[in-house]
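J.: This structure is in structure tokens; I'll ask about it shortly.
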Amino acid sequence: MEILSCKPQLRLLLDHFARIKDTRQSWKVAYPLIEVLLLVVCGTIASSDDYDDIVDWGEAHLGFLRQFSEFYHGIPCSDWLRTVMNRIDTDLFAACFTSWVAACWPDRPDLVAIDGKTSRRSHDHKNGQKALHLVSAFATNSRLVLGQEAVYEKSNEITAIPALLERLDLAGALVSIDAMGCNPDIALHILNAEADYLLAVKDNQPTLHAEIKSYFDTAPSHEVEQSKTVGKEHGRFEERTHTVSHVVDWMTPARSYPGANRFPKITTIGMVESHIERGGKVETERRSYISSRTLSADDFAEAVRNHWGIENKLHWVLDTTFREDLSRLRAGNGAKNMAIVRHFALNLVRQVKDKLSIKRRRKRASWDPNYLLQILGPMRC
């Protein structure tokens, strides 16, 4: 399939799509795979949240799409679109996404949050299939999705995270993960990627958790550094104290069981103590962390705060703006591949330099082809 002349900003996206192998017999192909992927990404940008919406948008904007490819047979029906997206190899599609992000935004991220999110309606109880759980890597400062790994069990995050790390260029980054990823093997994977880790420690590492809490309860003042922040929002007042120490030689060398691994290169231990006042009641919470990087109290506070940006800058946006939690895609690879498509779309929509919300940008792109071109354009390639 020969791609017609198109704007230089789109060339890289189309080139990456061209790497994905079409397994169909060529003589039967009425709708080339690259056209399908272009349609799906553009339609998703333009406020289309399911295959029916994408088809309707494509039929209304066929002239726009024909600027970039022939679309000789027009737009496929939603059932045909679903069939093709189910057949695309998910690992190859995910690798295509990761390499596209690296090519378009070559600056290495400094803070990377890794966290999982479940698409609640993607389960299929009849066939014993659990809901799709997607583990994503998110560059918190640039607000870019860097990559993702899909599993059908939240507990499988511990196997998905190393697979995701292997696909990313993380050299020099500080990688933060919640307690699910607090595992010596995952810490070693991060170090092998020439990055540093910041891991939340909870009861899945009971000995380490108890050691850190006990240390900060009795630590002399000259061994610790603190940073305090105060915030008021959503009807609550919150004071956070971030405490770090680089004195780690006291940590118990004994394993919790014979042959158990210890975390490599622990350089900083940290504690966040939050006092939350809401409705006349005060709640106190303490969270422990370990890191392979020497962090000041201020750097530690920034990294912890930015990690939770993945919740409101990625997961919340996908649920409320892209309606991901309502998606009922289940069969084949469709659920996984459409989750990647939403990441394609979100990265592009987020880079536009205007004051509109993501929701308004998508809505405007649905009826203004010139604005859609603007969204597709601002890639530093």
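Condition check ((1) surrounded by fewer than 17 Cβ atoms within 10 Å (Cβ to Cβ); (2) touching a residue at least 60 places away in the same chain (Cβ under 8 Å)) across all residues:
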{"residue": "ARG143", "(1), (2)": "yes, yes"}
{"residue": "ALA160", "(1), (2)": "no, no"}
{"residue": "ALA163", "(1), (2)": "yes, no"}
{"residue": "ARG167", "(1), (2)": "no, yes"}
{"residue": "ASN183", "(1), (2)": "no, no"}
{"residue": "LEU191", "(1), (2)": "yes, yes"}
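J.: Could you figure out which of (1) at pLDDT below 80; (2) under 33 Å from the mean Cα position of the chain (by Cα); (3) open to solvent by 80 Å² or more (accessible area, probe 1.4 Å); (4) not acidic (Asp, Glu) isn't true of LYS265?
T.: (1)
J.: Next question. Which residue pairs have Cβ atoms closer than 8 Å, lie 6 or more positions apart in sequence or on different chains, and pair a first residue in segment 361-381 that is at pLDDT 90 or above with a second residue that is acidic (Asp, Glu)?
T.: Final answer for the pair search is ARG361/ASP354.
J.: Identify all residues within segment 145-158 that are in contact with a helix residue (DSSP H, G or I) (Cβ under 9 Å, 6 or more places away or on another chain), without any contact (Cβ under 8 Å) to a residue 40 or more places away in the chain and part of a helix (DSSP H, G or I); write none if there are none.
T.: LYS154, SER155, ILE158
J.: Can you say whether THR44 is modelled with pLDDT of 90 or more, surrounded by 19 or more Cβ atoms within 10 Å (Cβ to Cβ) and out of contact with any strand residue (DSSP E or B) (no Cβ under 7 Å at 6 or more places or on another chain), as far as the supplied structure shows?
T.: Spelling it out, THR44 is indeed modelled with pLDDT of 90 or more, surrounded by 19 or more Cβ atoms within 10 Å (Cβ to Cβ) and out of contact with any strand residue (DSSP E or B) (no Cβ under 7 Å at 6 or more places or on another chain).
J.: Just name the residue that is farthest from ASN347 (Cα to Cα) out of those in segment 19-75 that are among the β-branched types (Val, Ile, Thr) and part of a helix (DSSP H, G or I).
T.: If we take residues in segment 19-75 being among the β-branched types (Val, Ile, Thr) and part of a helix (DSSP H, G or I), then VAL55 is farthest from ASN347 (Cα to Cα).
J.: Hey, could you check segment 268-296 for residues that are modelled with pLDDT of 85 or more and hydrophobic (A, V, I, L, M, F, W, C) and say which is nearest to the chain's Cα centre (by Cα)?
T.: Ranking the qualifying residues of segment 268-296, first place goes to ILE290.
J.: Just name the residue that is most open to solvent (accessible area, probe 1.4 Å) out of those in segment 71-108 that are of a type in the set (S, T, N, Q) and more than 24 Å from VAL317 (Cα to Cα).
T.: Among them, the one singled out is THR83.
J.: Just to verify a result, which residue in segment 280-297, among those that are outside any strand (DSSP E or B) and either open to solvent by 80 Å² or more (accessible area, probe 1.4 Å) or touching a strand residue (DSSP E or B) at 6+ places or on another chain (Cβ under 8 Å) (or both), is nearest to PHE263 (Cα to Cα)?
T.: Restricting to residues being outside any strand (DSSP E or B) and either open to solvent by 80 Å² or more (accessible area, probe 1.4 Å) or touching a strand residue (DSSP E or B) at 6+ places or on another chain (Cβ under 8 Å) (or both), the top hit is SER292.
J.: In segment 109-123, how many residues are in a strand (DSSP E or B) and either at pLDDT 90 or above or open to solvent by less than 30 Å² (accessible area, probe 1.4 Å) (or both)?
T.: Going through segment 109-123 one residue at a time, the tally reaches 8.
J.: Which one is farthest from the chain's Cα centre (by Cα), of the residues in segment 191-225 that are outside any strand (DSSP E or B) and within 12 Å of ILE290 (Cβ to Cβ)?
T.: Across segment 191-225, the extreme among qualifying residues is TYR215.
The values are calculated or read from the model by the stated rules, or taken from the named source; none is laboratory data. A quick note: this is a predicted structure, and the numbers were derived from the prediction, not measured. With ideal geometry, Cβ positions are generated from the backbone for all residues, glycine too; neighbour counts draw on all protein chains shown. Side chains are part of the model used for accessible areas, which takes the heavy atoms of the whole protein and leaves out ligands, DNA and RNA. Shrake-Rupley method; radii C 1.70, N 1.55, O 1.52, S 1.80 Å.
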